[in-house]
Amino acid sequence: MIGQKKIVIIGAGPSGSIAAALLQKKGHQAIILERELFPRFSIGESLLPQCMEFIDEAGMLPAVIDAGFQFKTGADFICRDKYSKFYFSDKFSPGFGTTFQVQRDRFDALLASEAQRQGAIIHWRHTVLDADFSGEKPVLTASDEHAANYQIEADFVLDASGFGRVLPRLLKLESPTNFPVRQALFTHIEDRISCGHYDRQQIRIVIHPDMADVWYWLIPFSNGRCSLGVVGEPKVFDAFADNQHAFHALIAEEPSLSALLPNAIYDTPINSIKGYSANVSSLYGNGYALLGNAGEFLDPVFSSGVTIAMKSASLATAVLDRQLTGQAVNWQKDYAEPLQKGVDTFRTFVTSWYEGGLQDAIFYNQQQPNIKAMICSILAGYAWDENNPYVKNSRNRLNTLVELCRMPA
């Protein structure tokens with residue numbers, strides 16, 4: 001070990017807290033600058049089983065298990081009279097087969113607290129204003145909770161700022177995404193679901209009965225509440241007077257949700273995010289690396305955001321530790337390309353979902369168990385398991401599967 005190194009992390013969300021804990025375990029000092037004060041609202045509430053590996057790696061699994069979050073066993077897909085159930089335990093890949101559905105305010109605060117318990121320092125309500133990577137060491141300019149500016153020097157900077165995308169904005173790294181602009185309307189409700197056959201351990205993904213590229217999420221929590229959202233291109237919502245009218249009208253147009261939520265109490269304002277898909281020209285540079293949504297975000301449909309964020313934290317801290325201890329590293333080969341492999345797998349599945357092909361495969365009534373298990377692995381977040389043909393050659397494999405499912409019986 002060549003002395004204790006100081007790594008500044010921008011953002012205390014899942015990727016930032018996981019990265020901080022992993023760096024502390026490796027003997028470095030992690031300092032997080034977080035713009036907000038936790039707990040704070042965020043979406044991305046439906047974890048995938050792959051997340052549990054990174055939570056465990058960071059030494060946070062007992063705390064997460066003890067927190068009382070909603071146990072999650074899989075996903076239910078619904079389109080009119082078609083229904084398809086996936087249990088993550090039936091997946092092809094080894095590893096965790098269950099996870100949790102979490103209120104992100106509590107979940108993120110818990111991970112941050114665990115990172116602090118392991119020695120990470122968190123400065124709340126500190127905002128990064130500028131970044132200089134031209135010198136021997138990176139220097140960030142930030143403002144504290146009293147709006148006083150200061151500078152902090154680091155041995156390395158990890159940007160875990162999520163949708164804030166601090167370094168991509170400051171360093172002009174943002175690049176166009178090839179995904180169409182989409183919008184999500186969402187809220188939390190007291191669901192009052194009394195239906196006896198409803199399984200709170202499954203997330204529900206529901207497709208609009210008349211618009212195949214419009215879909216809903218229903219994420220139950222352990223306290224009788226749930227996250228409810230609808231996603232589509234902005235023109236779908238622009239047909240209504242405002243987001244509130246659009247949200248309630250679109251929920252009413254979906255029969256299974258209407259039947260499930262007749263007694264729901266809508267006690268939280270409708271939120272909206274638009275044009276959330278993002279990309280960057282590079283995931284790393286001299287003295288810094290981008291984690292999770294700070295680097296790239298695809299779409300909420302398969303809950304991949306937190307999984308990619310945690311995977312990026314695990315990969316980046318391993319590479320960074322080798323670099324800080326004097327070993328030769330190649331950030332492109334050791335970080336960007338391995339991370340991109342899973343992102344590209346998710347991208348293939350997201351693209352096929354909106355084109356309708358993956359929907360046809362998911363609702364195919366003669367699914368082969370071995371193929372369903374491989375698809376289930378992707379849905380469970382194991383998008384980096386190259387033993388799975390749908391990871392190793394995702395586009396060709398999925399296209400072939402869609403063609404077979406569309407062939408006349």
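Side notes on the structure shown:
- GluC sites (Glu not before Pro) restricted to DSSP loop in the range 340-409 with at most 16 other C-beta within 10 Å: Glu386
- Rounded if a/c under 1.5, otherwise prolate or oblate - the range 352-406, Cα gyration tensor axes: prolate
- For the residue pairs Lys137/Lys341; Lys5/Lys25; Lys72/Lys235; Lys235/Lys274; Lys25/Lys311, alpha carbon separations beyond 23 Å are given by Lys137/Lys341; Lys72/Lys235.
- For the range 99-118 and the range 273-348, distance of Cα centres in Å: 21 Å
- With contacts taken as Cα pairs under 8 Å and at least 6 residues apart, the range 352-406 reaches a relative contact order of 39 percent.
- Label-point gap, in nm, between Asn178 and Tyr87 - each point 7 angstrom along Cα→Cβ: 3.8 nm
- Prolate/oblate/rounded label for the chain (Cα gyration tensor, a/c 1.5): prolate
- Only one residue of Gly285, Tyr266, Ala241 has its Cα farthest out toward the positive end of the dipole of the range 230-300, where Lys and Arg carry +1 and Asp and Glu -1 on Cβ, and that residue is Gly285.
- Approximate spin-label separation Ala67-Glu190, in nm, with each point projected 7 Å along Cα-to-Cβ: 2.4 nm
- Cα centroids of the range 350-394 and the range 149-203: 24 Å apart.
- For the range 68-135, size of Cβ-based charge dipole, Lys and Arg +1, Asp and Glu -1, in debye: 340 debye
- Charge context of Leu401, other residues only, Cβ under 15 angstrom, K/R +1, D/E -1: +2
- Dipole in debye (nearest 20) - the chain, about Cα centre, beta carbon charges: Lys, Arg +1; Asp, Glu -1: 560 debye
- Cα-based equivalent ellipsoid of the range 152-280: semi-axis lengths in Å, sorted from largest, via gyration tensor: 33, 19, 13
- For GluC sites (Glu not before Pro), the sites in the range 92-145 that DSSP calls loop and that have at most 13 other Cβ atoms within 10 Å are Glu136, Glu145.
- When +1 charges are put on Lys and Arg Cβ atoms and -1 charges on Asp and Glu Cβ atoms, the dipole computed for the range 1-50 relative to its Cα centre reaches about 280 debye.
- When you restrict to C-alpha pairs under 8 Å that are six or more residues apart and normalise by the size of the chain, the relative contact order lands at 21 percent.
Since every read-out is calculated from the coordinates, none of them should be taken as a lab result. Because the structure is predicted, anything quoted here is derived from the model rather than measured. Because the Cβ atoms are built from the backbone with ideal geometry, glycine has one as well, and the counts that use them run over all protein chains shown.
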